[in-house]
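Scroll down for the structure; my scribbles are underneath it.
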Amino acid sequence: MDELVVDWGALLATGERVDVSAGVVVAVVVAALVLSVPRVTWRWFGLFTTLVHELGHAVAAVVTGRFVSGIRIRGDHSGDTRSMGRPGFSTVLSGVMGYPAPAIVGAALVCSVLTGWQATALFVGGVVLVVTLVVVRNVFGVVVVLASIAVSAALWVWGTPTVQAYALVIVGVALLIGAVRGWVTVAAVHVRHRERLASSDAYLLARSTGVPSGVWLVLFAVLIAGSYVAVGAVYLSN
């Protein structure tokens, strides 16, 4: 049971930073590509990316005063987040933060490892996942969240600080790659698969604001690119 005790001092202090030599970076990127590119692995990791996407909507809604009534995750990597509150800026921000969320979270994970805050990142991520169970409204979504919690708990209980750090940075890079994959998919919906426009956040934002879908797609891309820039800046400063 000692493994389950939270060392609050360790959470509030930076730990040992990982090796960021060129060889290690290549190995991490390859591992992340294995998670986020091949169809066989993306089938599973893509579900986690979808969860992060929906949590992006949910967190943005909550911080702008809306009430999240439910999150659903489906086996085809689709999902939806429903929230209630006054329309306006909060609705727009919630709509914007879906596709960039995996990149933002991925960048946060990588930067936390590069700066020695991996223990805090792992703990906060686990808490967010546990809280998410309260608002998930379908059985498949609950399974996805529980699986994510199980992985997080296993890292917390059995992973050494080094294992935790490299696991988080691999997942972080995989989320960054997954964000680009998600953006390409939604852009393709607007170009080649317009019968699926109702599933696009950019289309829904265009309908609610009158601002063309292309503007929202560019904004998604800018936020995703900004996440990459943030990781590069932190990496170069170490």
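The values are calculated or read from the model by the stated rules, or taken from the named source; none is laboratory data. In this text, all values refer to a predicted model and were calculated from it rather than measured experimentally. Cβ sites come from the backbone with ideal geometry, for glycine too, and all protein chains shown count toward neighbours. Accessible surface areas use protein heavy atoms only, side chains included; no ligands, DNA or RNA. Shrake-Rupley method; radii C 1.70, N 1.55, O 1.52, S 1.80 Å.
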#### Entry: Leading residue by the ranking (farthest from Ser227 (Cα to Cα)) among those in the stretch 156-167 that are open to solvent by less than 70 Å² (accessible area, probe 1.4 Å), assigned to a helix (DSSP H, G or I) and of a type outside the set (A, V, I, L, M, F, W, C)
Gln164
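Results for (1) surrounded by 18 or more Cβ atoms within 10 Å (Cβ to Cβ); (2) more than 22 Å from Val215 (Cβ to Cβ); (3) touching a strand residue (DSSP E or B) at 6+ places or on another chain (Cβ under 8 Å), shown as yes or no for each residue.
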position: Ala103; (1), (2), (3): yes, no, no
position: Leu114; (1), (2), (3): yes, yes, no
position: Leu122; (1), (2), (3): yes, yes, no
position: Gly141; (1), (2), (3): yes, yes, yes
position: Ala153; (1), (2), (3): no, yes, no
position: Val169; (1), (2), (3): yes, yes, no
position: Val184; (1), (2), (3): no, no, no
### Task
Could you check, for the stretch 68-86, whether at least one of its residues is within 20 Å of Leu217 (Cα to Cα), open to solvent by 30 Å² or more (accessible area, probe 1.4 Å) and small (Gly, Ala, Ser)?
yes
### Message
Please pick out the residue among Leu197, Leu146, Leu155, Leu129 that is more than 13 Å from the chain's Cα centre (by Cα), within 19 Å of His57 (Cα to Cα) and free of Cβ contacts under 8 Å to residues at least 40 places away in the same chain.
### Response
Leu197
### Task
Return a yes/no flag: does the stretch 43-62 have any residue that is within 24 Å of Leu109 (Cα to Cα), among the charged types (D, E, K, R), modelled with pLDDT under 90 and loosely packed, with under 15 Cβ neighbours inside 10 Å.
no
#### Entry: Residue tally, condition assigned to a helix (DSSP H, G or I), open to solvent by less than 60 Å² (accessible area, probe 1.4 Å) and in contact with a Ser or Thr (Cβ under 8 Å, 6 or more places away or on another chain), over the stretch 198-238
5
### Query
Is the stretch 88-97 home to any residue that is open to solvent by less than 60 Å² (accessible area, probe 1.4 Å), part of a helix (DSSP H, G or I) and under 28 Å from Val20 (Cα atoms)?
no
### Residues located in the stretch 112-154, provided they are within 20 Å of Gly79 (Cβ to Cβ) and not in a helix (DSSP H, G or I)
Leu133, Val134, Val135, Val136, Arg137, Asn138
### Query
If you go through the stretch 30-37 one residue at a time, do you hit one that is open to solvent by less than 40 Å² (accessible area, probe 1.4 Å) and either free of Cβ contacts under 8 Å to residues at least 60 places away in the same chain or touching a Pro at 6+ places or on another chain (Cβ under 9 Å) (or both)?
no
